[in-house]
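**Student:** Okay, handing you the structure first.
The values are calculated or read from the model by the stated rules, or taken from the named source; none is laboratory data. Model, not experiment: these values are computed from the prediction. So basically every Cβ, Gly included, is an ideal-geometry build from the backbone, and we count neighbours across all protein chains shown. The accessibility values were calculated without ligands, DNA or RNA, using every heavy atom of the protein model including side chains. Shrake-Rupley method; radii C 1.70, N 1.55, O 1.52, S 1.80 Å.
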Amino acid sequence: LDRYRGQPTGRVSVAALASAAAFLLPAAYARLRAEGIELECADVDVAESDFATFAADYDIVIGHSLTGAKLAGADGLVATVIAREPIDVALPAGHALVAKDELLAEDVGGEDWVTVPDGFPFGEVRRAVELRTGRTVRRVQDLRDNRLVEAFVAAELGIGLLPRYTTHPSTDVVLRPL
């Protein structure tokens with residue numbers, strides 16, 4: 001037993017939003033494995049209000065919030081910001097708005113949207129556009145997976161919202177800050 005004293009060991013379970021997991025976990029997995037710690041990863045994609053429920057089954061839960069508010073059901077849990085990633089408007093490469101370096105709510109409010117279901121953080125951006133323009137956007141699809149949103153945008157079925165740093169570069173989709 002003395003040889004394990006003071007030496008990290010064991011298993012750590014992590015539930016994470018897929019895009020955050022792709023950004024954070026591969027390097028962590030490799031580093032922890034080299035130190036004798038087993039990292040058990042689960043990808044989850046749920047509404048912002050549901051992330052805290054995973055704390056009962058996982059050691060670490062990595063979610064996302066655009067509001068910065070403490071998540072529902074998170075009383076007694078410790079929440080720490082580990083990364084900030086801007087959310088950009090995803091446009092088909094041939095879209096007229098690609099010519100602009102930065103977009104306004106008025107630019108995108110009248111477009112068809114490939115968006116997320118209500119309760120998901122990117123939906124807060126959509127709602128802000130609706131409040132700013134005074135009109136409800138046309139929701140073509142409500143999708144949870146960023147790669148699927150990207151595919152719909154690339155197929156010119158609407159505009160979407162995607163994270164700036166973890167969206168893979170593409171010739172079919174262009175990101176612009178809002």
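**Student:** Let me confirm something: among Leu25, Leu39, which residue is free of Cβ contacts under 8 Å to residues at least 60 places away in the same chain, surrounded by 14 or more Cβ atoms within 10 Å (Cβ to Cβ) and in contact with a Cys (Cβ under 6 Å, 6 or more places away or on another chain)?
**Tutor:** Leu25
**Student:** Does the stretch 42-51 hold any residues that are farther than 13 Å from Pro117 by Cα and open to solvent by less than 60 Å² (accessible area, probe 1.4 Å), and which are they?
**Tutor:** If the condition is that a residue be farther than 13 Å from Pro117 by Cα and open to solvent by less than 60 Å² (accessible area, probe 1.4 Å), then Ala42, Val44, Phe51 are the ones that fit.
**Student:** Please verify whether the stretch 121-142 includes one or more residues that are within 27 Å of Leu24 (Cα to Cα), out of contact with any strand residue (DSSP E or B) (no Cβ under 7 Å at 6 or more places or on another chain) and modelled with pLDDT under 95. Spell out the reasoning first.
**Tutor:** Restricting attention to the stretch 121-142, the residues satisfying the condition of being within 27 Å of Leu24 (Cα to Cα) are 121-126, 142.
So of that shortlist, the ones also out of contact with any strand residue (DSSP E or B) (no Cβ under 7 Å at 6 or more places or on another chain) come out as 121, 124.
Filter once more, so that each one left must be modelled with pLDDT under 95: 121, 124.
Yes, some residue in the stretch 121-142 is within 27 Å of Leu24 (Cα to Cα), out of contact with any strand residue (DSSP E or B) (no Cβ under 7 Å at 6 or more places or on another chain) and modelled with pLDDT under 95.
To keep it simple, each residue is scored yes or no on (1) surrounded by 15 or more Cβ atoms within 10 Å (Cβ to Cβ); (2) basic (Lys, Arg).
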{"position": "Gly94", "(1), (2)": "no, no"}
{"position": "Gly109", "(1), (2)": "yes, no"}
{"position": "Phe120", "(1), (2)": "yes, no"}
{"position": "Arg126", "(1), (2)": "yes, yes"}
{"position": "Val137", "(1), (2)": "yes, no"}
{"position": "Arg144", "(1), (2)": "yes, yes"}
{"position": "Arg147", "(1), (2)": "no, yes"}
{"position": "Gly158", "(1), (2)": "yes, no"}
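**Student:** Follow-up question, since we're still on this one. For Leu32, all conditions in the list (1) open to solvent by 40 Å² or more (accessible area, probe 1.4 Å); (2) touching a residue at least 60 places away in the same chain (Cβ under 8 Å); (3) aliphatic (A, V, I, L, M) hold save one; what is the number of the exception?
**Tutor:** Result: Leu32 passes all but (2).
**Student:** For the stretch 120-134, state whether one or more residues are in contact with a Phe, Trp or Tyr (Cβ under 7 Å, 6 or more places away or on another chain), closer than 25 Å to Ala22 by Cα and part of a strand (DSSP E or B).
**Tutor:** Start the filter on the stretch 120-134 by keeping residues that are in contact with a Phe, Trp or Tyr (Cβ under 7 Å, 6 or more places away or on another chain), which leaves 126.
From the residues that got through so far, the ones that are closer than 25 Å to Ala22 by Cα too are 126.
The next check asks that each one be part of a strand (DSSP E or B); those that pass are none.
The answer is no; no qualifying residue exists.
**Student:** So Ile82 fits all but one of (1) at pLDDT 90 or above; (2) surrounded by fewer than 15 Cβ atoms within 10 Å (Cβ to Cβ); what number is the exception?
**Tutor:** (1)
**Student:** Among the numbered criteria (1) touching a Gly at 6+ places or on another chain (Cβ under 6 Å); (2) touching a residue at least 40 places away in the same chain (Cβ under 8 Å), which one does Gly119 miss?
**Tutor:** Result: Gly119 fails condition (1) only.
**Student:** Inspect the stretch 144-157 for any residue being within 20 Å of the chain's Cα centre (by Cα), modelled with pLDDT under 95, under 30 Å from Pro26 (Cβ atoms) and assigned to a loop (DSSP other than H, G, I, E, B) and give the result as yes or no.
**Tutor:** Yes, the stretch 144-157 contains a residue that is within 20 Å of the chain's Cα centre (by Cα), modelled with pLDDT under 95, under 30 Å from Pro26 (Cβ atoms) and assigned to a loop (DSSP other than H, G, I, E, B).
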